[in-house]
Amino acid sequence: MKTKRISDKMEKALNAQMTREAVQAQVYLSYASWAEVNGLAGIAAFLYKHSNEERQHMFKFLKFINDRGGHALVQAIAAPPVDPKDLGDCLRKTLQHEIDNSRSIDEIVNLAHEEKDWAAFNFGQWFVKEQIEEETLINKLLDQYNLATDQKRQNENIYALDRDYAEATQEVVIPREEVI
């Protein structure tokens, strides 16, 4: 018999976040499909990869909950939002999803701190770092989109941007604690 090493409140919060990660995966999947049918193969490839990354996050929550003696509950999720009206709308909505996800992760970390659940606190720190990377990455893509669409040669720039997204990394380097 497993010994439960997380509170009921933490288990509920972690299950909710696991579901949120599944929703995130579906949003990226939906937006990737939209990009693909609109001729943006590079952007679609980037979003498909990111959908898979969000799904892996969901699995991390599932395993952590179960490994701590809880029970990960896979819930039904709502359909993803309607298609974006254009690439800018897609990136802005994606950024907002990431910001909302960051707030949810912060709530879990705060709860872990309040409960002195250092295993959950440490687990949450990985996601805090991940969310910094996610927001930075999407902000960078949005900045590139804004630069590309501000030019007179908009179609050529979007074509180049789409080509770049096909090879875009799923990670971004962020400042770390460094000794100078």
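The values are calculated or read from the model by the stated rules, or taken from the named source; none is laboratory data. The structure displayed is predicted, hence computed values, not measured ones. All Cβ positions, even for glycine, are placed from backbone atoms using ideal geometry, and neighbour counts span all protein chains on display.
Observations
- Pairing residues of segment 1-23 that are of a type in the set (S, T, N, Q) with residues that are surrounded by fewer than 19 Cβ atoms within 10 Å (Cβ to Cβ) and part of a helix (DSSP H, G or I), at Cβ distances under 6 Å and at least 6 apart in sequence or on separate chains, gives SER7/GLU115; GLN17/SER104.
- Among the residues examined, ARG5 does not qualify as in a helix (DSSP H, G or I) and charged (D, E, K, R).
- Count of residues meeting criterion [surrounded by fewer than 21 Cβ atoms within 10 Å (Cβ to Cβ), of a type outside the set (Lys, Arg) and under 25 Å from ASP106 (Cα atoms)] in segment 28-57: 5
Every residue, every condition in (1) at pLDDT below 95; (2) surrounded by fewer than 15 Cβ atoms within 10 Å (Cβ to Cβ); (3) farther than 18 Å from VAL172 by Cβ, yes or no:
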position	(1), (2), (3)
GLY70	no, no, yes
VAL82	yes, yes, yes
LEU95	no, no, no
SER102	no, no, no
VAL109	no, no, yes
TRP126	no, yes, no
GLU130	no, no, no
GLN154	yes, yes, yes
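- Test result for ARG103, under 18 Å from the mean Cα position of the chain (by Cα) and closer than 18 Å to ASN15 by Cα: yes
- From LEU142, LEU147, residue being surrounded by fewer than 13 Cβ atoms within 10 Å (Cβ to Cβ) and at pLDDT below 95: LEU147
- On inspection, GLU115 does not qualify as under 17 Å from the mean Cα position of the chain (by Cα) and not aliphatic (A, V, I, L, M).
- Search result, residues across segment 13-57 that are within 26 Å of ALA112 (Cβ to Cβ) and part of a loop (DSSP other than H, G, I, E, B): none
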